[in-house]
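Here is the structure we will look at, set down as structure tokens.
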């Protein structure tokens, strides 16, 4: 057997192996899916999820009592602080928005600094006819 | 020998992780964990209409900006788009109260407003991946005059009767969503990951077998690592949003029925008249084809296109398949509609 044919044979084996792997994966996944598409499976999955949730709740409550006893903040307390911070952040965002609107109004009156360089918004797809309108047409009229 | 095995060993040991999400960007706006990024344009001339990526709630945004050469963001920048990204970030414990209405009626409109300030343009194009597509649709339905000129939905489920096993497992007969959300606050990342992995139980072990097979192939190992890391990098699901998704979409399938409401505002898909490209993967196990396919029929506009690609949920948007199929199609479709 020449070196070339040996290489060919090993490539054939690899191709067969890969095909087998893909088929096996497909068949097993289909088989599992069939099993999981049954009421008993879904019920037991729901049961496990609920049990885990109940356990989570129990641990949370137990831990909360313990932390209160130890005079320490619980996770819930920290979330409360974070929620307060978030609402402050939202208020700041609101103020920022108002300020930006005011700045935009000033800009409209021609009192602004020079705008930063932006690429021209005039690109057209290759081979597409050129625009009839000049690029300097005000934005509102370009639609 | 050791040198030959180095790529595979590095993957197993988690050394020299590939850098992801490296395309230069600036933060335009932030609120809580949410960030609105603007990627720095790389061409002198860009299309008039900016494109806004809307990310899913349950995965990290770097799937759209993987490594250089495999980044959808970078590809669009190079093709002359002004690219933005709404990244919801990793929800913190205090974010458990965030509902779909907060994302769709508060945060997205604010992001659009910020983009308008920068571009001076009223119009935007949305590109939503997975649940991001769902958010884009909800926004466009809630604000028919909200400036969405074009929309690309990628692997976005709309008809939840087609959600297969996920819907079956979430059936109210055996799944008490209130108890779960009340106990956890945010749904833990491990739980989200487990429910996805259960859909294809052999995917992970087979992935490792294939990695061993290609242990010495630097390119294979590199690509495997970027995508594997992303799949494992699951994030928690904000509790209130999860409750609403389960009740209104999984159980009620309200969006496609035209019964969905957010803060009393009805979301009617028939009100969406912008141009829409609905990209779907034929073998998507997370957003099955049966759940993504009915979108176009539910929309009100006349310029709607379906794109079905042979592949899965991730290969649709990232990797070789995406580079060859989805990205050029999106570019071609969007370019003539972004003038």
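The values are calculated or read from the model by the stated rules, or taken from the named source; none is laboratory data. This one's a predicted model, so the numbers in the text were calculated from it and none came from an experiment. Cβ sites come from the backbone with ideal geometry, for glycine too, and all protein chains shown count toward neighbours.
Are there helices (runs of 4 or more DSSP H) fully within the range B:199-290 with at least 2 residues that are more than 14 Å from chain A (Cβ to nearest Cβ) and at pLDDT below 90? List them.
Once the helices (runs of 4 or more DSSP H) in the range B:199-290 are filtered for at least 2 residues that are more than 14 Å from chain A (Cβ to nearest Cβ) and at pLDDT below 90, what remains is B:218-232.
If you go through the range B:297-339 and pick out every residue that is outside any loop (DSSP other than H, G, I, E, B) and either surrounded by 15 or more Cβ atoms within 10 Å (Cβ to Cβ) or away from chain A (no Cβ under 14 Å) (or both), you end up with 22.
For the range A:85-100, check the following and say yes or no: at least one residue is more than 30 Å from residue B:198 (Cβ to Cβ), away from chain B (no Cβ under 11 Å) and surrounded by 11 or more Cβ atoms within 10 Å (Cβ to Cβ). Reasoning before the result, please.
First pass over the range A:85-100, keeping only residues more than 30 Å from residue B:198 (Cβ to Cβ): A:85-100.
Filter once more, keeping what is away from chain B (no Cβ under 11 Å): A:88, A:91, A:95, A:98-99.
Restricting the remaining residues to those that are surrounded by 11 or more Cβ atoms within 10 Å (Cβ to Cβ) gives none.
No, the range A:85-100 contains no residue that is more than 30 Å from residue B:198 (Cβ to Cβ), away from chain B (no Cβ under 11 Å) and surrounded by 11 or more Cβ atoms within 10 Å (Cβ to Cβ).
Within the range B:154-170, at least one residue is more than 27 Å from residue B:310 (Cα to Cα) and modelled with pLDDT under 95. Within the range B:160-177, being more than 10 Å from chain A (Cβ to nearest Cβ) and surrounded by fewer than 19 Cβ atoms within 10 Å (Cβ to Cβ) holds for B:161, B:162. Put simply, of B:46, B:54, B:58 the only residue that is crowded, with 22+ Cβ neighbours inside 10 Å and at pLDDT below 90 is B:58.
Taken over the range B:61-81, residues that are more than 14 Å from chain A (Cβ to nearest Cβ), crowded, with 20+ Cβ neighbours inside 10 Å, in contact (Cβ under 8 Å) with a residue 60 or more places away in the chain and not in a helix (DSSP H, G or I) amount to 2. Across the range B:182-195, the qualifying residues are those that are in contact with a helix residue (DSSP H, G or I) (Cβ under 8 Å, 6 or more places away or on another chain), assigned to a helix (DSSP H, G or I) and under 23 Å from residue B:233 (Cβ atoms), and the one among them that is nearest to the other protein chains (Cβ to nearest Cβ) is B:184. Taken over the range A:17-43, the criterion of being assigned to a helix (DSSP H, G or I) and either in contact (Cβ under 8 Å) with a residue 60 or more places away in the chain or facing another protein chain (nearest Cβ under 7 Å) (or both) is satisfied by A:21, A:25, A:28, A:29, A:32, A:33, A:36, A:42, A:43. For residue A:136, the conditions (1) more than 10 Å from chain B (Cβ to nearest Cβ); (2) closer than 30 Å to residue B:41 by Cα; (3) at pLDDT 75 or above all hold with the exception of (3).
Of B:249, B:262, all but one fail to be touching a helix residue (DSSP H, G or I) at 6+ places or on another chain (Cβ under 9 Å) and within 27 Å of residue A:46 (Cα to Cα); the exception is B:249.
Here's the yes/no breakdown for (1) under 30 Å from residue A:54 (Cα atoms); (2) crowded, with 17+ Cβ neighbours inside 10 Å; (3) under 19 Å from the mean Cα position of the chain (by Cα):
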| residue | (1), (2), (3) |
| --- | --- |
| B:183 | yes, yes, no |
| B:197 | yes, no, yes |
| B:203 | no, no, no |
| B:209 | no, no, no |
